[in-house]
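J.: Okay, here's the structure, questions in a sec.
The values are calculated or read from the model by the stated rules, or taken from the named source; none is laboratory data. Note that the structure is predicted; figures quoted are calculated from it, not measured. So basically every Cβ, Gly included, is an ideal-geometry build from the backbone, and we count neighbours across all protein chains shown. These accessible areas exclude ligands, DNA and RNA; they are computed on the full protein's heavy atoms, side chains included. Shrake-Rupley method; radii C 1.70, N 1.55, O 1.52, S 1.80 Å.
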Amino acid sequence: MAKRSEKASSASQRQLRVGELIRHALADMLTRGEVHDPVLEGHIVTVPEVRMSADLRLATIYVMPLGGRDAEKVVAALERNKRFLRGEIAHHVNLKFAPEIRFQLDERFDEAERIEKLLRTPEVQRDLGPRKDGDE
């Protein structure tokens, strides 16, 4: 039984490691301006996460342009350049197979902002404030 959990754990670690290698390779390419696309040249794009499938054949790359400006256009530009990006990733990351890549907007920033706004509402502030004697 212990071997099965060790095997699952190591596969998970491998997915994380490969995802990080791909994330760094793509972030470096975008920082250096290696992707020649007018939409991408006008934006700073962050790559907060890359999730790999268990077989390492699919990489879902989460991206967000700085300030969220033109997010859909940026994802479309990355999709247009997918073939080039996949080839470059294959050169930078030593894998048996170059994974298929797909791009998704990273919506964690929107979710964090929604939670922040919720925490600032009067109702939540009242509940978070100091307790008065007699309150339970």
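J.: Cβ-Cβ distance below 7 Å, separation of 6 or more or different chains: which pairs start in region 20-33 with a residue that is under 15 Å from V63 (Cβ atoms) and end on one that is in a helix (DSSP H, G or I) and charged (D, E, K, R)?
T.: Matching pairs, first to second residue: M29/E88.
J.: When region 72-83 is examined, which residues are found to be over 14 Å from L26 (Cα atoms), among the basic types (K, R) and free of Cβ contacts under 8 Å to residues at least 40 places away in the same chain?
T.: Answer for region 72-83, where residues must be over 14 Å from L26 (Cα atoms), among the basic types (K, R) and free of Cβ contacts under 8 Å to residues at least 40 places away in the same chain: just K73.
J.: At least 1 residues that are at pLDDT 95 or above in each: list the helices (runs of 4 or more DSSP H) lying fully within region 69-119 that qualify.
T.: Result: 71-80, 82-92.
J.: Out of the residues in region 68-95 meeting the condition of being β-branched (V, I, T) and touching a helix residue (DSSP H, G or I) at 6+ places or on another chain (Cβ under 9 Å), tell me which one is farthest from V35 (Cα to Cα).
T.: Applying the first criterion (β-branched (V, I, T)) to region 68-95 yields 74-75, 89, 93.
Now restrict to residues that are touching a helix residue (DSSP H, G or I) at 6+ places or on another chain (Cβ under 9 Å): 74, 89, 93.
Details: V74: 12, I89: 12, V93: 17 Å.
Among residues in region 68-95 that are β-branched (V, I, T) and touching a helix residue (DSSP H, G or I) at 6+ places or on another chain (Cβ under 9 Å), the one farthest from V35 (Cα to Cα) is V93.
J.: Now, a different point. Determine whether R69 is touching a strand residue (DSSP E or B) at 6+ places or on another chain (Cβ under 6 Å) and open to solvent by 90 Å² or more (accessible area, probe 1.4 Å).
T.: Details: touching a strand residue (DSSP E or B) at 6+ places or on another chain (Cβ under 6 Å): no; open to solvent by 90 Å² or more (accessible area, probe 1.4 Å): yes.
Spelling it out, it is not the case that R69 is touching a strand residue (DSSP E or B) at 6+ places or on another chain (Cβ under 6 Å) and open to solvent by 90 Å² or more (accessible area, probe 1.4 Å).
J.: Kindly evaluate F103 against the criterion of being buried (at least 16 other Cβ atoms within 10 Å of the Cβ) and under 30 Å from S12 (Cα atoms). Outline the logic, then answer.
T.: Working: buried (at least 16 other Cβ atoms within 10 Å of the Cβ): yes; under 30 Å from S12 (Cα atoms): yes.
Yes: the conditions hold for F103.
J.: Looking for something of a type in the set (G, A, S), within 13 Å of the chain's Cα centre (by Cα) and not in a helix (DSSP H, G or I) - is there at least one such residue anywhere in region 49-62?
T.: yes
J.: Name the residue, out of R102, R114, R86, that is charged (D, E, K, R) and in contact (Cβ under 8 Å) with a residue 40 or more places away in the chain.
T.: Exactly one residue qualifies, and that residue is R102.
J.: Do we have A76 as surrounded by 13 or more Cβ atoms within 10 Å (Cβ to Cβ) and closer than 30 Å to Q13 by Cβ here?
T.: When the stated conditions are applied, A76 does not pass them.
J.: For region 37-64, enumerate the residues that are within 15 Å of K82 (Cα to Cα) and of a type in the set (G, A, S).
T.: Answer for region 37-64, where residues must be within 15 Å of K82 (Cα to Cα) and of a type in the set (G, A, S): just A59.
J.: Does any residue in region 60-71 that is over 20 Å from I101 (Cβ atoms) come within less than 7 Å, Cβ to Cβ, of a residue that is among the hydroxyl-bearing types (S, T, Y) and at pLDDT 90 or above six or more places away or on a different chain, and which pairs are these?
T.: L66/T46
J.: Within region 60-76, can one find any residue that is of a type outside the set (F, W, Y) and touching an Asp or Glu at 6+ places or on another chain (Cβ under 7 Å)?
T.: To start, the set of residues in region 60-76 that are of a type outside the set (F, W, Y) comprises 60-61, 63-76.
With touching an Asp or Glu at 6+ places or on another chain (Cβ under 7 Å) added as a condition, the list becomes 63-64.
Looking for residues that are of a type outside the set (F, W, Y) and touching an Asp or Glu at 6+ places or on another chain (Cβ under 7 Å), one finds at least one in region 60-76, hence yes.
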